[in-house]
Amino acid sequence: MQDRSKLLILLFIAVVFAGLFIGVGLNADNYQYFLSRRVPKVVAMILAGIAIGQSALAFQTITNNRILTPSIMGFDALYIFTQTLVVVLFGGLSSYVLNDYLNFSISVAVMLAFSMLLFSFYFNSNKQNLMVLLLLGVILGQLFGSISSFLTMLMDPNDFATLQQSLFASFNNIKVELVYLCAPLLFVISALLFRLNRVLDVFWLDKDNATSLGIDVKKVTMQVLVLSACLIAISTALVGPILFFGLLVTNLAREMLRSYQHRVLLFGVSLLSVSSLLAGQWVVENIFGFSTTLSVVINFIGGIYFLSMLLRNKIV
Amino acid sequence: MIKLEKLTKFFGHSVVVNKASVEFEKGEVTSIIGPNGAGKSTLLSMASRLISKDEGQVFIDCKEIAEWDSKELAKRLAVLRQANSITMRFTVREMIAFGRFPYSQGKLTQQDQTIINQAIEYLDLVAIQDKYLDELSGGQRQLAFIAMVIAQDTDYVFLDEPLNNLDIKHSLQIMRNIGRLAREMNKAVVVVIHDINFASCYSNKIIALKKGQVVAQGEVNDVIQAHVLESIYETPFHIIELNGKRMCTYY
């Protein structure tokens, strides 16, 4: 099958499930209320899908690795840490927690600042070894995770209840205002990433060959890392952390599509992650009847897939 | 012409390349020889901007390497390292097409296709152009990489150990083609090479490095001499002349 028809099938699946989410049970009496609830939810899933898929793919290309995703750099843990810290410092009822714009701005700003710090540390050192950067991310992620769990132990139970809402990936308490704020932001960032698509193709060759072909490897790596950080910040702030999802969709996209071109892969991975988020969430709601959450399902499937990659020696 | 002046590189406190001054001319094959750890690859990497230099200067067509725009330089100078780890499945043709990146930034024109075809024909890769790289033998893969460099169409070509892990037939094929690149296309080809006999038979000039210093350079017959090689490799050498070419035995 051609890549083009595979992409069309994915688009079709995404549209069908989006239609199911929005359309089922709609009638002339309830449509205003239902649409105002359902449309932001679907849009949030689409935005998060695109952000996670594209950031993971670009990140894997520049690190030359099939199992790394930005969440390994500690971004998820940092998000949890930020939320916990805000609740501890200002209390569960402060505007920093309850005001969506404010909370979103804080999360994004902290994540960007963290990535800048990490990257500048890396790019200013003499020996640039990407693995060191990643290891640093993993360790800092552990550190953030441990501090967060320590702080939640000390926390007032009421505060913890407010905190918990933002810590788990959830599509049922989407913040409507945030969705419409993120949409144009995401559009700009993925357009910037897409502009790099042909340069990213050259990254399939190794760094020396890319340099020989006139690419400023350091500059492009920096650009992609910053763009990925923005994307991850957006998706985490929007729907919470989804650990294995990026790994799952990038690898499935690479197995599904024959092309090496990021022009195709970026679209493919976005469509794949959007359609699987929509389909997965639909299954969770309508078949499991909310008895589980999507992130549990994703981490379950993603974990199994990760192990099977290990066993099949697919990890380059 | 490429001119290296007092090029120096430190790794920590130890000097890996020490004030190396050499020149590479168009139309010639220059081989860089020397024992392991002599700084051959480091020298080549500095001269082709893959790693930064600590002291000294590199002039490419009379312009210092730091003043070159990376994109423009990619149209003048191509470099191929020994370990080429590729994490994606490409066909031979798709990979060779990357050689046109400096000119078309990935949007191949008709002219690019013509040049890619020429590179494929030049190295006799027509039959395998649609095969995937992981289906090829080491020698064929190396030829495909060299074809990419040819498609890049640069005046200067740097190859770091192009014969690494190749059998005699493929080594010969690659060295002959390297000679043709210099002769027929008037390129300056610089190879880092371990096999002294290949260096002696297929190059115009030889540069010998030892402990980071240029210890001998010049025409083949100036460098391929028993006492010169003995001091470089600390091994007894015996030189024989066959059909006007010098060969070394050191067994």
**Prompt:** Any idea what Rg and Dmax come out to for chain B if you just take the C-alpha atoms, in Å?
**Reply:** 18.2, 55
**Request:** Mind grabbing the base-10 log of I(q)/I(0) for chain A at q = 0.07, 0.10, 0.13 Å⁻¹? Debye formula, identical points on the C-alpha positions, no solvent, two decimal places.
**Result:** -0.28, -0.57, -0.98
**Request:** Roll a 1.4 Å probe over the protein chains and send me the accessible area per residue for segment A:1-75 in Å².
**Result:** 45
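Please compute the net charge surrounding B:GLN82, taking Lys and Arg as +1 and Asp and Glu as -1 over other residues with Cβ under 15 Å from its Cβ.
Spelling it out: positives minus negatives among the neighbours equals -1.
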**Message:** Using only DSSP helix segments of four residues or longer, with each worth -39500 (n - 2.57), what per-residue ellipticity at 222 nm results for chain A after dividing by its residue count and rounding to 500?
**Reply:** -26000 deg cm²/dmol
**Item:** Using alpha-carbon coordinates, inclination of helix B:168-185 to the longest axis of chain B, degrees
**Value:** 80
**Message:** Strictly over 31 Å apart at the Cα level, which of B:LYS19/B:LYS205; A:LYS6/B:LYS107; A:LYS175/A:LYS207; B:LYS107/B:LYS205 would you flag in this model?
**Reply:** A:LYS175/A:LYS207; B:LYS107/B:LYS205
**Asked** Considering protein heavy atoms only and a 1.4 Å probe radius, which residues within segment B:55-77 exhibit an accessible-area decrease of no less than 10 Å² in the full assembly relative to the chain by itself?
**Response** B:SER70, B:LYS71, B:ALA74
**Asked** Sorted by accessible area with a 1.4 angstrom probe, largest first, how do B:HIS194, B:HIS170, A:HIS262, B:HIS13 fall?
**Response** B:HIS13, B:HIS194, B:HIS170, A:HIS262
**Item:** Over segment B:1-142, relative contact order from alpha-carbon pairs under 8 Å, at least 6 apart, %
**Value:** 20
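Across peptide A:193-205, how many C-beta atoms of other chains are within 10 Å of each residue C-beta, on average?
Across the residues of A:193-205, the mean count of other-chain Cβ atoms within 10 Å is 3.
Starting from the Cα gyration tensor of segment A:255-316, multiply each eigenvalue by 5, take the square root, and state the resulting semi-axes largest first in whole Å.
26, 18, 7
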**Asked** How long are the three semi-axes of the equivalent ellipsoid for segment A:48-96, computed from the Cα gyration tensor as the root of 5 times each eigenvalue, in whole Å, largest first?
**Response** 31, 12, 6
**Message:** Quick check: Cα centre of segment B:194-251 to Cα centre of segment A:261-316, how many Å?
**Reply:** 60
**Prompt:** Largest first, what is the accessible-area ranking of A:ILE72, A:ILE301, A:ILE189 with a 1.4 Å probe?
**Reply:** A:ILE301, A:ILE72, A:ILE189
**Complete:** Buried accessible area between B and A, both sides, 1.4 Å probe, in Å² rounded to 100, is 2200
**A:CYS230 accessible area, assembled protein chains, probe 1.4 Å, Å²** = 30
**Prompt:** What is the log10 of I(q)/I(0) for segment A:27-138, computed with the Debye formula using one identical point scatterer on each Cα and no solvent, at q = 0.12, 0.22 Å⁻¹?
**Reply:** -0.61, -1.23
**Message:** Can you give the local net charge around A:LYS41? Use residues other than it whose beta-carbon is closer than 11 angstrom to its beta-carbon, Lys and Arg +1, Asp and Glu -1.
**Reply:** +2
**Under 9 Å, Cβ to Cβ, from B:GLY212 - net charge with Lys/Arg +1 and Asp/Glu -1** = +4
**Request:** May I ask you to give the percent of accessible area on the protein assembly as shown that is carbon plus sulfur, with a probe radius of 1.4 Å?
**Result:** 59
**Message:** If each DSSP helix of 4+ residues adds -39,500 (n - 2.57) and the sum is divided by the residues in chain B, what number results at 222 nm, nearest 500 deg cm²/dmol?
**Reply:** -9500 deg cm²/dmol
**Asked** What residue among A:SER149, A:SER228, A:SER275 shows peak mean-square fluctuation when chain A is described by a Gaussian network model with Cα springs under 10 Å?
**Response** A:SER149
**Message:** If I model a spin label at A:ASP156 and B:LEU172 as a point 7 Å from the Cα along the Cα→Cβ vector, what separation in nanometres do I get?
**Reply:** 8.6
**Whole-Å semi-axes of segment B:142-241's equivalent ellipsoid (Cα gyration tensor)** = 25, 15, 13
**Request:** State which entries of B:LYS53/B:LYS131; B:LYS71/B:LYS211; B:LYS9/B:LYS75; B:LYS131/B:LYS245; A:LYS219/B:LYS63; B:LYS6/B:LYS245 exceed 29 angstrom in Cα-Cα distance in the structure shown.
**Result:** B:LYS53/B:LYS131; B:LYS71/B:LYS211; B:LYS131/B:LYS245; B:LYS6/B:LYS245
**Rel. contact order, % - alpha carbon contacts under 8 angstrom, at least six apart, chain A** = 35
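The values are calculated or read from the model by the stated rules, or taken from the named source; none is laboratory data. From a predicted model like this one, the values you see are computed outputs, not experimental measurements. Don't worry about glycine lacking a Cβ; one is built from the backbone with ideal geometry, like all the others, and counts go over all protein chains shown. Accessible surface is based on the protein model in full, side chains and every heavy atom, while ligands, DNA and RNA are left aside. Shrake-Rupley method; radii C 1.70, N 1.55, O 1.52, S 1.80 Å.
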